[in-house]
1. Keeping every protein chain present and rolling a 1.4 Å probe, give me the accessible area per residue for the chain in Å².
2. With a point put 7 Å past each Cα toward its Cβ, work out how far Val23 is from Tyr204 in nm, to one decimal.
3. Could you work out the equivalent-ellipsoid semi-axes for segment 121-182, taking the square root of 5 times each eigenvalue of the Cα gyration tensor, largest first, in whole Å?
4. Report the trypsin sites (Lys or Arg not before Pro) located in segment 123-228 that are in a DSSP loop and have at most 15 other Cβ atoms inside 10 Å of their Cβ, or state none.
5. Of the chain, which part is the longest with no chymotrypsin sites (Phe, Trp or Tyr not before Pro) in a loop (DSSP not H, G, I, E, B) and with at most 16 other C-beta atoms within 10 angstrom?
6. In vacuum, with every alpha carbon of segment 74-126 counted as one equal point scatterer, what does the Debye formula give for log10 I(q)/I(0) at q = 0.16, 0.21 Å⁻¹? Two decimals, please.
7. Divide by every residue of the chain the summed helix terms, -39500 (n - 2.57) for each DSSP H run of at least 4, and state the resulting mean residue ellipticity at 222 nm, rounded to the nearest 500 deg cm²/dmol.
8. Residue by residue, what Karplus-based ³J(HN,Hα) values in Hz, rounded to whole numbers, does segment 161-168 have, using 6.51, -1.76 and 1.60 with θ = phi - 60° and x for Gly and Pro?
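The values are calculated or read from the model by the stated rules, or taken from the named source; none is laboratory data. No experiment lies behind these values; they were computed from the predicted model shown. As a convention, Cβ positions derive from the backbone with ideal geometry for all residues, glycine included, and neighbour counts pool all protein chains shown. Heads up: the accessible areas ignore ligands, DNA and RNA and are worked out on the full protein's heavy atoms, side chains in. Shrake-Rupley method; radii C 1.70, N 1.55, O 1.52, S 1.80 Å.
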Amino acid sequence: MSHFLHFAEHTLQEAALIVMALVYTFRLIWFFRFKAGRDRQPPTGVPWTTPRKGWLYSLAVIAMPWAMESSRRKPMLYAQFVIFHLGVAAAITMSFLIPYAPRSLAAPGTVLFLQIFIGAAFAVGCLRIVRRVRSPVMRRLSSPDDYFSLVLLTVWFASAVLAVPYGATPLAELSVPGPRLAFFLLTGFFLLYVPFSKISHYLYYPFTRYYLGRTLGHRGVYPVKKGG
C-alpha cells in the first residue's frame with residue numbers, strides 16, 4: 001500500500017501536472033494565433049479613463065465586490081465565491097506540501113487552518129450543487145460538465161479534509177493510508193480532467209479581462225467613476 005501511495009503522491013501527480021502544462025501550452029499557442037481587434041473609434045469619455053487604467057481596473061474588479069452590481073445585490077454569493085476559491089488554493093497547496101514538504105504540516109495550527117478553509121469550501125460546494133439543481137434558470141444554463149466539475153471539486157474537498165491530519169506522517173508509519181490515497185488519486189484525476197473542462201476558464205481570465213478593460217478604458221467606461 002505504501003508503494004502505491006508513493007506512486008499516487010509523486011509519479012501520478014507529476015505526470016498529471018506535465019500533461020496539464022502541455023495542454024495549456026498548446027491552448028495558449030492556439031489562442032495567440034488570433035490578433036485582438038483594434039478600437040475603431042476615437043477615445044471618448046473623460047480624460048482620466050485610459051486603456052491602461054481600464055485593463056488594470058478590469059483585472060482587479062474581481063477583488064472589489066462593491067464595484068460589481070451582482071455582488072452588491074447578492075453579497076452572500078460573492079462570499080461563497082471567495083470561500084470556494086480559497087478552499088481550492090488551500091487544497092492545491094496541500095497537494096504539494098504532503099509529498100514535498102510534509103514537515104510544514106507539523107507546525108502548530110497548520111492542519112486546523114487547512115481543514116477550516118477546505119471544510120468551508122466543501123460546505124459551499126454542497127450549497128452550489130443544491131442551488132444548481134433547484135434553480136430552473138441554473139438547470140437550463142448547466143451542462144453535464146458543470147455538474148460533474150462541481151461534484152468532483154466538492155468530493156475532492158471532502159477527501160482533503162480527511163487526508164490533511166495524516167499529511168505529516170511518514171509513509172512507513174502511516175497506519176491509515178486510505179484518506180491520503182483517496183485525496184491523491186482524486187488530485188491526479190482532477191489535474192488530468194481540468195484542462196478539458198470548464199474549470200480551465202481561469203487560464204483565459206487574465207487575457208479576457210485585459211482586452212475587455214483596455215477597450216472599455218479607451219471608450220471612457222473603465223474605471224467606473226463613483227457616483228457616475
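1. 60
2. In this crude label model, Val23 to Tyr204 measures out at 1.5 nm.
3. Working: eigenvalues 223, 20, 7 Å².
Gyration-tensor ellipsoid for segment 121-182: 33, 10, 6 Å.
4. On the way: sites: Arg128, Arg131, Arg132, Arg134, Arg139, Arg140, Arg180, Lys198, Arg209, Arg214, Arg219, Lys225, Lys226; in loops: Arg219, Lys225, Lys226.
Answer in residue order: Lys225, Lys226.
5. Values: sites that count: Phe32, Phe34, Trp48.
Longest stretch, sites excluded: 49-228.
6. Computed log10 I(q)/I(0) values: -0.49, -0.73.
7. On the way: 10 runs with 150 residues, N = 228.
Rounded to the nearest 500, the figure is -21500 deg cm²/dmol.
8. My calculation for segment 161-168 gives 4, 6, 8, 4, x, 9, x, 8 Hz in order.
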